[in-house]
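Written out below as structure tokens is the structure these notes cover.
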Amino acid sequence: MSARRRNRASGSMPSGVTRREFITRGGATLGGLALAPALLSSGRAFASVGADGPGGKVNVLNWPLYIDKKSKKDFSKSTGVALKYNEGINDNNEFFAKYQEELSQGKSIGFDVVTPTSWMAARLIDLGYVQKLPLGDIPNSANLAPVFQNPAWDPTGEYSLPWQTGITGIAYNIKVTKRELTSVDDLFDKKFKGKIGVLSEMRDTMGLMALSEGVDPSTIDFAQAKGAFKKLEKASNGGQIRRFTGNDYQDDLVAGNFAACVSWSGDVAQLTVENEDLRFVIPDEGGMKWADTMLWATPSNNGPQVAAWMNYFYDPVNAARLANDIGYISPVAGIEDEIAKLDSAAVDNPLLFPPADVQARLHAFGQLSAKDEEKFDNRFAEIAGA
């Protein structure tokens, strides 16, 4: 949920650092098994509109660390559409609170494309705050992976296209922990008191808490979550948790203020450029999977420019470059060959192309009833002090 993700290098690797050098500096683990450093490297052809494109400008609101520099430059060159790109999403609820009033009144929020996580996308669609996509002008949408077609958050598939997908697990700074971590319960090790971070994204944090209690978050209701909430509350009240964070957890992780924290997969892959002591693990109990989605906000009338933006990133060549750079799972089918051209080792990276055994250990947070949604949000806010 969200490169999602604190901007530390404008979404790119530091000058002079190659992708190969980047991937061999850090580590990640799946179910407690360390991945070899080499494994961390990470349909229809796109018809570039170029000088014959729609012109104009598209304003995009996204999470930090969620695009490579080349894509931003090449998009405008290829399509003739000027790009205003903002990395201002730090948390889904924070985003909603900031723009809900304007959206409810049909006023412009200054952005054509917004990229909330799927559960928030469902809310925006239901409230009528977004428009049907001009899919007829997005031929590359045919490259959408079958698993994301007509998803639960957008049953007709008319309002959204996933931007990227990823995994929620645990990041840790081994220089601070002095050992490898493998379990959600490692977050509650008293040796790490005051050095644990959890996400303010309720579904990410409570998904892992539920798994640690043996509850499947894909079918959870409020009654089943009581034990997980109690566990989180005890840790918060007892000083185990340093703070609840949005995308800005990364600064504390890099600085060593966090020994470990609930985190997103691609972030840690990128942050190892700056700190080789960082690790990412899908806990023994399992991890969470999610999707961030591209939506066309009302009352934007920049349909041709929105279409150009989405069509560009659903070209397998461009999708492969993006995924290889930022370390998240692409929703575009058939990009393996294109990624292999960039880095032959990347196709074996289970965080980019999760194999069946990894997929089986990932859970999507279930759709909540309106009543349970309110209960979950209120209980979580009570614990987080929001």
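Quick notes
- Violating pairs (Cα-Cα greater than 28 angstrom) within the set Lys70/Lys107; Lys234/Lys375; Lys193/Lys371; Lys175/Lys375; Lys84/Lys371; Lys98/Lys226: Lys70/Lys107; Lys193/Lys371; Lys175/Lys375; Lys84/Lys371; Lys98/Lys226
- Neighbour net charge for Met288 - beta-carbon separation under 12 angstrom, K R +1, D E -1: -1
- Structure-based [θ]222 nm, the chain - -39500 (n - 2.57) summed over DSSP H runs of at least 4, per residue, nearest 500: -10000 deg cm²/dmol
- Amide H contacts for Thr245 (H built 1.01 Å from N in the peptide plane; partners 5 or more residues away or on another chain; cut-off under 5 Å): Val198, Leu199, Ser200.
- The fraction of accessible area contributed by carbon and sulfur in segment 195-330 is 45 percent, rounded to a whole number (1.4 Å probe; ligands and nucleic acids excluded).
- Distance between the C-alpha centres of segment 329-386 and segment 217-281: 15 Å, rounded to the whole angstrom.
- Probing with 1.4 Å while keeping every protein chain in the model, the per residue accessible area of segment 126-216 equals 39 Å².
- What segment 259-386 shows is 33 Å² of accessible area per residue, with the surface traced by a 1.4 Å probe over protein heavy atoms.
- Solvent-accessible surface of segment 76-121, averaged per residue with a 1.4 angstrom probe and all protein chains in place: 43 square angstrom.
- Solvent-accessible area, 1.4 Å probe, carbon plus sulfur percent, for segment 75-186: 49 percent
- Of all DSSP beta bridges in the chain, antiparallel share, percent nearest 5: 60 percent
The values are calculated or read from the model by the stated rules, or taken from the named source; none is laboratory data. If you're wondering where the values come from, they're calculated on a predicted model, not measured in any experiment. Cβ: placed from backbone, ideal geometry, glycine included. Neighbour counts: every protein chain shown. When the accessible area is computed, the model is the full protein with side chains, heavy atoms only, and any ligands, DNA or RNA have been set aside. Shrake-Rupley method; radii C 1.70, N 1.55, O 1.52, S 1.80 Å.
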